[in-house]
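The values are calculated or read from the model by the stated rules, or taken from the named source; none is laboratory data. Not measured: the values here are computed from a predicted model. Here the Cβ positions follow ideal geometry from the backbone for every residue, glycine too, while neighbour counts run over all protein chains shown. When the accessible area is computed, the model is the full protein with side chains, heavy atoms only, and any ligands, DNA or RNA have been set aside. Shrake-Rupley method; radii C 1.70, N 1.55, O 1.52, S 1.80 Å.
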Amino acid sequence: MIDFGWEFFVVGIPAIIFGGISKGGFGSGAAFVAGAILALVVPPGVALGIVLPLFMLVDAATLKPYWGKWHWPSAKGLMIGAIPGCIIAAWLYASVDADVFRVLIGLICLAFVAFQWSRALGLLTVKQMPFSTPLAWFAGMVSGFTSFVSHAGGPPSAVFLLSQGLSKTAYQATTVVVFWAINWMKAVPYVFLGIFSWDTIMGSLVLAPFALLGAWIGVKAHHLVPERLFFGLTYVLLVLTGVRLIWIALA
């Protein structure tokens, strides 16, 4: 049973709002901070089960504002590639214990921040490239895997989409439709793996209003809030969360 005490709400509410803002207006890349932070107070599998329905709710709420504005070749390639990625991740989930997933989520948090800082400092550049179907499939496979194990499919797909030179809105719209599809791909194996339970459903229900609030803020903030400010705060949260999860797993 999940203890829906004050710790769950103090940690879960801001985490879910933050995830909704990221998905609603900032390319979904950092949305996985919601699940990572939630995994500090509940087991990783429970966090996955709570967050997925919330992200699917945000997907439904944000599809309309970006409808038809996506880059379809990139979206299709990423979605096709995500299928084997989700299958591999489902096999891994059934084979390892919770601490392995804490370490994986923690490392993904730190790797994401390292990647973004490297780009900001000019140590790493993502050059514009012509569209490549095999590259889209590969990026989709990695996104499907990381999305399944930690709802962190945004960074791998972001690298590919940035290389396509998309406009800010086309980039955002593509991430919305891609992760709408990937989240549906994950739902079925989540059921068979026992990730969903009455506890996770209750957790999703009590946090649903805050997910929608975050999505609404994200859509409004898409053209108003500087990305530098939003992601700066996100990076701090991800570093702290990643270090804490790894510490918990190895202690």
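Here is how the numbers come out for the structure above:
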| item | result |
| --- | --- |
| Kirkwood Rh and Cα Rg combined as Rg over Rh, evaluated for the stretch 138-184 | 0.96 |
| CD proxy at 222 nm, helix term only [per DSSP H run n ≥ 4: -39500 (n - 2.57); per residue of the chain; nearest 500] | -26000 deg cm²/dmol |
| Calculated SAXS-style log₁₀ I(q)/I(0) at q = 0.08 Å⁻¹ - the chain, Debye, Cα scatterers | -0.26 |
| Cα long-axis angle, helix 6-25 against the chain (0 to 90 degrees, to the nearest 10) | 10 |
| Projected label distance in nm at A114 and S167, using a 7 Å step from Cα toward the beta-carbon | 3.6 |
| Gain on full stretching of the segment that runs from T125 to E7 - 0.36 nm per residue minus C-alpha separation | 38.5 nm |
| Sorted peptide list for 173-181, 190-198, criterion being average Cβ within 10 angstrom, highest first | 173-181, 190-198 |
| Between 0 and 90°, nearest 10: helix 44-63 axis offset from the chain longest Cα axis | 40 |
| Length released on extending from L213 to S95, taking residue separation times 0.36 nm less the Cα-Cα span | 38.9 nm |
| Reciprocal of mean inverse Cα separation for the stretch 91-131 (Kirkwood radius, Å) | 12.5 |
| The stretch 81-151 - percent of accessible surface contributed by carbon and sulfur, probe 1.4 Å | 73 |
| The stretch 28-98: chymotrypsin sites (Phe, Trp or Tyr not before Pro) falling in loop per DSSP and having at most 16 other Cβ within 10 Å | W67 |
| Most positive-pole-ward Cα, F115, G85, L135, against dipole of the chain from beta carbon charges | L135 |
| Candidate lysines - alpha carbon under 23 Å from K64, same-chain residues fewer than 8 apart omitted | K23, K76, K168, K186, K220 |
| Length added when fully stretched, V236-V191, from 0.36 nm per residue minus Cα-Cα | 12.9 nm |
| Candidates P44, P134, P155: whichever shows maximal mean-square fluctuation once the chain is modelled as a Gaussian network with Cα springs under 10 Å | P134 |
| Fraction of the pair-distance distribution of the stretch 25-134 above 23 Å, Cα-Cα pairs, percent | 45 |
| Residue-normalised accessible area of the chain, expressed per residue, 1.4 Å probe, Å² | 46 |
| Helix 227-250 axis, angle to the chain major axis (alpha carbon atoms, nearest 10°) | 40 |
| Dipole-positive endmost among V177, S74, S197 within the chain (Cβ charges, Cα centre) | S74 |
